[in-house]
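To keep things clear, I will list the structure first and then write my remarks on it.
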Protein chains: 2
Amino acid sequence: MSETRWLSESEMAMWMAYLSATHLLERRVEDQLKVDSGLTHAQYEILARLSEHPDGQLRMTELARRLIISKSGLTYQIGQLERRGLVARTTCPSDERGVFAVLTEEGSRCLERTAPGHVAVVRAFLVDRLTPEEVETMRQIMTKAVAAMEAAPAGPFRSSPPGKSPG
Amino acid sequence: MSETRWLSESEMAMWMAYLSATHLLERRVEDQLKVDSGLTHAQYEILARLSEHPDGQLRMTELARRLIISKSGLTYQIGQLERRGLVARTTCPSDERGVFAVLTEEGSRCLERTAPGHVAVVRAFLVDRLTPEEVETMRQIMTKAVAAMEAAPAGPFRSSPPGKSPG
């Protein structure tokens with residue numbers, strides 16, 4: 001095992017602030033959605049992603065990929081949304097892989113009612129605190145992090161490639 | 001209700017990248033900790049926060065505040081750590097408020113074994129992707145967001161103060 005490079009003071013301060021902000025923000029977002037609509041953040045994101053498509057539908061596997069949620073997690077959330085009549089599942093006879101989630105009219109109305117309060121929270125506690133330059137820097141940082149993780153094999157991280165003797 | 005200020009294209013791109021990065025990173029961190037130590041991220045943070053104190057102990061209420069976790073959530077996590085002998089709970093007879101969580105020797109060893117792999121993940125997928133300027137910008141952004149949330153009353157966000165007629 002190579003020597004651990006511990007985080008520097010400024011790196012640690014950034015990481016701790018990131019963890020705190022993320023936990024606080026997630027709690028604020030969840031609180032708001034719960035009161036306004038009874039939705040969880042995951043459920044809100046499902047409705048929002050579906051609404052971006054003209055026909056309001058997406059293949060389940062594609063939805064799971066975009067939301068970065070496991071298939072079982074998505075199946076659970078979609079079940080909850082289906083029970084409330086906000087989403088329906090359909091299959092495509094000509095396409096074996098094809099189970100789609102579809103936004104219903106009620107789901108569309110629920111999203112329309114809920115979105116303004118949700119955006120207000122995201123603005124109040126994050127977006128409106130940032131300068132346009134900070135928004136751009138943060139977009140770049142987060143995009144780089146996503147790319148790094150999408151490029152790395154899934155599963156636990158290994159700092160040395162398999163087969164290479166530890167140094 | 002005032003007119004909704006929807007997110008601009010660049011603000012939305014930042015928010016989506018932030019959500020994706022956060023979900024992916026949390027999954028990577030959890031995977032690593034699970035394989036290396038069987039700890040959840042919340043449990044790792046508990047051990048790490050306790051280890052920062054010379055006597056390895058912190059009042060439960062203070063620990064909950066630092067970790068941004070509910071009291072019931074903390075009680076559950078501490079129970080899990082206690083069962084594995086990594087943390088103990090003690091009370092202070094002279095202090096009514098005083099239930100403390102204490103890092104045990106086994107907890108300390110567990111943290112020492114686990115920390116290098118954890119830091120490697122945080123470096124590989126976030127810290128090492130950033131320039132020193134980006135680290136500093138991100139620290140500032142996240143610190144501002146934390147301050148905004150700590151200053152706002154808990155509970156669902158209201159865009160207009162109570163009593164003020166919507167306009």
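Values for this structure:
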{"read-out": "Filter result (in contact with a helix residue (DSSP H, G or I) (Cβ under 8 Å, 6 or more places away or on another chain) and within 10 Å of chain A (Cβ to nearest Cβ)) within the stretch B:31-41", "value": "B:GLN32, B:LEU33, B:ASP36, B:HIS41"}
{"read-out": "Some residue of the stretch B:120-127 being assigned to a loop (DSSP other than H, G, I, E, B), surrounded by 13 or more Cβ atoms within 10 Å (Cβ to Cβ) and in contact (Cβ under 8 Å) with a residue 60 or more places away in the chain", "value": "yes"}
{"read-out": "Checklist (1) at pLDDT 95 or above; (2) touching a strand residue (DSSP E or B) at 6+ places or on another chain (Cβ under 8 Å) applied to A:GLY117, failing item", "value": "(2)"}
{"read-out": "Residues within the stretch B:86-113 that are buried (at least 19 other Cβ atoms within 10 Å of the Cβ) and farther than 20 Å from A:ALA13 by Cα, tallied", "value": "7"}
{"read-out": "Hits in the stretch B:80-111 - residues which are under 16 Å from B:GLU62 (Cβ atoms) and not in a loop (DSSP other than H, G, I, E, B)", "value": "B:VAL87, B:ARG89, B:THR90, B:THR91, B:VAL99, B:PHE100, B:ALA101, B:VAL102, B:LEU103"}
{"read-out": "Within the stretch B:1-16, tally of residues that are in a helix (DSSP H, G or I) and surrounded by fewer than 20 Cβ atoms within 10 Å (Cβ to Cβ)", "value": "5"}
{"read-out": "Number of positions in the stretch B:42-54 that are in a helix (DSSP H, G or I) and either under 27 Å from A:GLY117 (Cβ atoms) or more than 9 Å from every other protein chain (Cβ to nearest Cβ) (or both)", "value": "9"}
{"read-out": "Any chance A:GLU62 is in contact with a Leu (Cβ under 8 Å, 6 or more places away or on another chain) and either among the aromatic types (Phe, Trp, Tyr) or more than 14 Å from every other protein chain (Cβ to nearest Cβ) (or both)", "value": "no"}
{"read-out": "Out of B:GLU52, B:GLU133, sole residue that is surrounded by fewer than 17 Cβ atoms within 10 Å (Cβ to Cβ), under 16 Å from the mean Cα position of the chain (by Cα) and under 24 Å from A:ALA17 (Cβ atoms)", "value": "B:GLU52"}
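The values are calculated or read from the model by the stated rules, or taken from the named source; none is laboratory data. A quick note: this is a predicted structure, and the numbers were derived from the prediction, not measured. Reconstructed Cβ throughout: ideal geometry from the backbone, glycine too, with neighbour counts over all protein chains shown.
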